[in-house]
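Notes follow once the structure below has been shown.
The values are calculated or read from the model by the stated rules, or taken from the named source; none is laboratory data. Computed from a predicted structure; not experimentally measured. Glycine gets a Cβ as well: all are built from the backbone with ideal geometry, and neighbour counts include every protein chain shown.
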Amino acid sequence: MRSRASALVLGAPISSRQAKAGNLPKRRAFPLFGADGVSSVAYAPDEIILTVLIAGQMALAYSPWVGLGVATILMLVIGTYRYNIQRVGEKGDFALVQKNLGTGFAVLLGAAMMVDFVLTVAVSLSSATQYLESLLPALYSHQRLVACCLIAVVTLVCLRGIKFMFRVAHWPTYIFLLLLGGTLVFGLAADMAGTLGTAVSADYEIAQSTSPEELATGVGLLVLLLRVFASGSVAMTGVNTISNATRAFAHPRQRNAAITLMLMGSVTSLLLVGVLYLTWRTGAIFVLDPAQTLRVDGQNVSPDFHQTPLLLQISDTVFAAHWVTVLLGVSTVGVLVVAAMTAFTGFPMLATVLAHRQYLPVYLSARDSTALYGTGVLVLGLSSMALVGVVGPDVHTLVQMYIVGAFTAMLLTQVSVLKNSWLAQRITPDTKKRRLIWRDLIITSIGVLASGTVLTVIILTKFTHGAWFSMLLILFLLGLMMKINKHYQRVDRQLALPQTEAELAEARALPSRVHALIYVERVRKPVLRAVSYARATRPSSIEALVVNIDEERTRQNIDAWQQLGLPLDLTVLDAPYRNPVDAVMDYVRRSRQKSPRDVLVIYLPEYVVSRWWEGIFHRRTVHRLKAQLRHEPGVVVASVPWQIEKGSSATASQ
């Protein structure tokens, strides 16, 4: 029954041969692994605009320049990551960081990437919920439920339909790129022709939360620009995904991964700048707290006022036909779902690496699961659902948590590549090769500087807005994984084979004597089978134990035992508190104290019912006794099962 339930949730078992099959060409890999970066265009412009508008609607003109700055840093980081892929290869960032920076930093990278994957799912599907609400306003009062249902559906699809996902995941991304690209082209053409209209939200009034005097000092303006840049840096979060998915590409893997990474960065940059430019030209706005800062027709809006995402506002302004906006909204939901699926492919792979190195429980390793990555998918789905359930599907709050883990992982990876290149140039005698290594060093140094600067800005400007939670969670996971590793190391030390002859001789030594104890709850067929098995092993002594809980039942057991005429002693144990487990355990411990070098073999006769629900009707004394005996040294537990046939009228009561 347990295997059926596991197959129902995790899907059918996957053979090792099937797991190794299926390399993706670039045309399939880009829409799948690039969806994480491309889909950020659905919410990154909103984050930039809601921060820019702190200074008022006049500051909207600066948003395209912020987008250009974010795009420049993104392309710079991607340029360095192309060289990183050549160093990382198919082993992934964890192996690279462990080799060059040590185990501690590698585990820190693993913790940051785990947080990154959880928040990728939470942010992507919370943003998808926001778009669904715009298309179906009736869902607005059920945001949390809709987001959790989306996570549950995507988790189920990834559990049972990985092959199906690989076959169809490219369609939502390509359709999204086609519709959004067409919207931007028509919008730019209309702007050049002077026919571009204004968005509905352009007529809204915004209460400026930062005074002009504060901005005029320069310090306030700098802080605001840093906050805007930190918000927009969420568009760079898809870089690690392709770097760690190199093994999924078709040969030549590293070259194809590098090309796909550059393509993803170029497309994301163009879309981000284009959306922000049209946002400025149409006057579309998106604010953080509408109830506090937004006025429509001179009146404050209600707390449940729903803001339409910028992509849909731009589409409504560019096209007269609303059905185009509906198609764009549906395709945006699709690409956000694909982005979440990308995390569902990356998290189990990372968990397998960490579990193999004993930093996570071994059952998270794919090699220890018949469903391959099913356990990791389930853990990611439940973790993301719990986060959204607690925090809520608030994209802005989740984004502040999201960017910390992503940039921590990016910085550690680039620093490890930098160190690897530095060591390589020291041991390379060939002048031409050293020049190439120095070129890589300079490029990687620029990437490290860019990533480090962005991470510093994020921590300084977003710490109180949610970044603290991600930092705390990363440190917690780091400590937890170190604790798990210490546990496995302790187990390995105690289970390791002896190293000296004296220790080996002691481990091989036979016990002085073997004593058999048979637990008797009622004298019936299972007890007779246990007696036969015990006698067949020819121990030094055999003794049966019955616990006196009910005087009448005990007398029946003694009479039945005497009628059988077995050549065994039946010892009656007293249980003043009616607990048979404690009575047997006390007797076993006293026997061990008398002869510490002897071995006790406890035979536990039990019957096995044919249906899982039938076990509810029976006591589980044997199971509790077995669990206690496992912790006693010098004790061997022998289970003697008796299978109850289906449909048998003689159902026993244990």
remark   = Checked 471, 410, 481 against criteria (surrounded by 12 or more Cβ atoms within 10 Å (Cβ to Cβ), within 25 Å of the chain's Cα centre (by Cα), assigned by TED's automatic domain parsing to the domain that holds residue 358 and more than 30 Å from residue 51 (Cβ to Cβ)); the one match is 481
task = Kindly check whether there is at least one residue in region 202-213 that is touching a strand residue (DSSP E or B) at 6+ places or on another chain (Cβ under 6 Å), over 30 Å from residue 26 (Cα atoms) and at pLDDT 80 or above.
result = yes
query = Out of 49, 85, 54, which single residue is in a helix (DSSP H, G or I), assigned by TED's automatic domain parsing to the domain that holds residue 244, of a type outside the set (Ser, Thr, Tyr) and modelled with pLDDT of 80 or more?
reply = 49
inquiry  = Looking at region 315-327, can you tell me whether even one residue there is among the charged types (D, E, K, R), at pLDDT 90 or above and closer than 26 Å to residue 272 by Cα?
reply    = yes
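List the helices (runs of 4 or more DSSP H) inside region 497-574, counting only whole elements, that have at least 2 residues being outside the structural domain of residue 623 (by TED's automatic domain parsing).
So the answer is 501-508.
In region 250-273, what residues are in contact with an Asp or Glu (Cβ under 9 Å, 6 or more places away or on another chain) and over 19 Å from residue 44 (Cα atoms)?
253, 254, listed by residue number.
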ask   = All but one of (1) modelled with pLDDT under 85; (2) surrounded by 19 or more Cβ atoms within 10 Å (Cβ to Cβ) hold for residue 298; which doesn't?
value = (2)
Given (1) in contact with a strand residue (DSSP E or B) (Cβ under 8 Å, 6 or more places away or on another chain); (2) outside any helix (DSSP H, G or I); (3) of a type outside the set (Lys, Arg); (4) under 29 Å from residue 509 (Cβ atoms), number of the condition residue 596 does not satisfy = (1)
ask   = List the pairs whose first member sits in region 42-70 and is farther than 27 Å from residue 125 by Cα, whose second member is part of a helix (DSSP H, G or I) and at pLDDT 85 or above, and whose Cβ atoms are under 7 Å apart, counting only residues at least 6 apart or on separate chains?
value = 60/280; 61/280
inquiry  = Can you tell me which residue is surrounded by the fewest Cβ atoms within 10 Å (Cβ to Cβ) among those in region 485-513 that are within 31 Å of the chain's Cα centre (by Cα) and of a type in the set (Lys, Arg)?
reply    = 493
inquiry  = Taking the condition of being surrounded by fewer than 22 Cβ atoms within 10 Å (Cβ to Cβ) and either not assigned by TED's automatic domain parsing to the domain that holds residue 51 or not hydrophobic (A, V, I, L, M, F, W, C) (or both), how many residues in region 229-255 meet it?
reply    = 6
ask   = What residue, of 283, 298, is in contact with a helix residue (DSSP H, G or I) (Cβ under 8 Å, 6 or more places away or on another chain) and either outside the structural domain of residue 135 (by TED's automatic domain parsing) or on the phi > 0 side of the Ramachandran plot (or both)?
value = 283
key: Residues (touching a strand residue (DSSP E or B) at 6+ places or on another chain (Cβ under 6 Å) and either closer than 19 Å to residue 524 by Cα or surrounded by fewer than 15 Cβ atoms within 10 Å (Cβ to Cβ) (or both)) located in region 607-633   = 607, 608, 622
inquiry  = Between 206, 151, which is touching a Ser or Thr at 6+ places or on another chain (Cβ under 8 Å) and either over 26 Å from residue 316 (Cα atoms) or of a type in the set (S, T, N, Q) (or both)?
reply    = 151
query = Within the set of pairs 6+ apart or on separate chains, which have a first residue in region 305-323 that is farther than 18 Å from residue 188 by Cβ, a second that is surrounded by fewer than 18 Cβ atoms within 10 Å (Cβ to Cβ) and of a type in the set (Ser, Thr, Tyr), and C-beta atoms under 8 Å apart?
reply = 306/140
